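Below is one structure; the comments refer to it alone.
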Amino acid sequence: MNGRQPATDLTTVLAGDHRELDRLCTELELGQGSPENRRDLADHLIAELIRHTVAEEAYLDGEGDLTEADGLMRQLEGAGPQEPRFERLLGGLIRAVRRHVREEGPEAVRQVRLSCSPERRAELGREVLEIRHAAPTLPHPDLADRVPQADQLWPGPGFVDRARAVLQPTNDGSPG
């Protein structure tokens with residue numbers, strides 16, 4: 001064995017989420033694009049953050065608390081990209097995501113690594129990936145035209161709750 005964790009290991013999945021969230025924050029911090037494009041990119045960040053949060057909530061017993069980010073996501077739902085509060089709320093969300101990615105997230109990954117066997121981490125990682133694969137998505141704005149509409153989760157009022165609902169596993173383990 002080469003010492004590398006399989007791609008389905010939960011710690012690998014969560015660390016990959018952290019890299020993607022960090023990348024999206026950087027893209028938003030560059031401040032490029034029209035307000036509508038920034039709105040689309042913010043919605044993509046929200047969708048990715050919800051996917052990540054659902055995985056952490058389900059498997060990490062409250063580690064990596066993203067309560068502040070959840071409140072900001074809900075406020076952003078009702079903010080138009082031309083409104084002054086949009087950039088203020090987005091900046092707050094980016095700060096909350098960065099704090100999670102740099103402080104809380106790595107600790108959560110470390111705790112999983114310490115508390116679960118490699119077999120259990122692989123099993124949990126597969127569960128997370130299966131739930132995500134079965135759920136609708138909100139593609140990156142540059143790729144939206146390449147993803148079938150039926151497979152997309154559309155933003156707008158209630159977006160955070162709808163995204164959570166389709167990603168939360170049901171009692172039988174399948175997505176909501």
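The values are calculated or read from the model by the stated rules, or taken from the named source; none is laboratory data. Keep in mind that what you see is a predicted model, and the values were worked out from it rather than measured. Note that each Cβ is placed from the backbone with ideal geometry, even for glycine, and that neighbours are counted across all protein chains shown. To get the accessible areas, we keep the full protein, side chains included, count just its heavy atoms, and leave off ligands, DNA and RNA. Shrake-Rupley method; radii C 1.70, N 1.55, O 1.52, S 1.80 Å.
Tabulated values for the structure
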read-out	value
From Thr26, Thr11, residue being open to solvent by 50 Å² or more (accessible area, probe 1.4 Å), outside any loop (DSSP other than H, G, I, E, B) and of a type in the set (Ser, Thr, Tyr)	Thr26
Members of the range 6-52 found to be within 17 Å of Gly92 (Cβ to Cβ) and among the aliphatic types (A, V, I, L, M), listed by number	Leu21, Leu24, Leu28, Leu41, Ala42, Leu45, Ile46, Leu49, Ile50
Residues being touching a Ser or Thr at 6+ places or on another chain (Cβ under 9 Å), without any contact (Cβ under 8 Å) to a residue 24 or more places away in the chain and not acidic (Asp, Glu) - total across the range 92-131	1
Matching residues in the range 31-48 - criterion: being within 12 Å of the chain's Cα centre (by Cα), more than 14 Å from Ala79 (Cβ to Cβ) and not aliphatic (A, V, I, L, M)	His44, Glu48
Sole residue being surrounded by 15 or more Cβ atoms within 10 Å (Cβ to Cβ) and at pLDDT below 85, chosen from Ala108, Ala96, Ala134, Ala122	Ala108
Residues being of a type outside the set (Gly, Ala, Ser) and either more than 17 Å from the chain's Cα centre (by Cα) or open to solvent by 50 Å² or more (accessible area, probe 1.4 Å) (or both) - total across the range 69-88	10
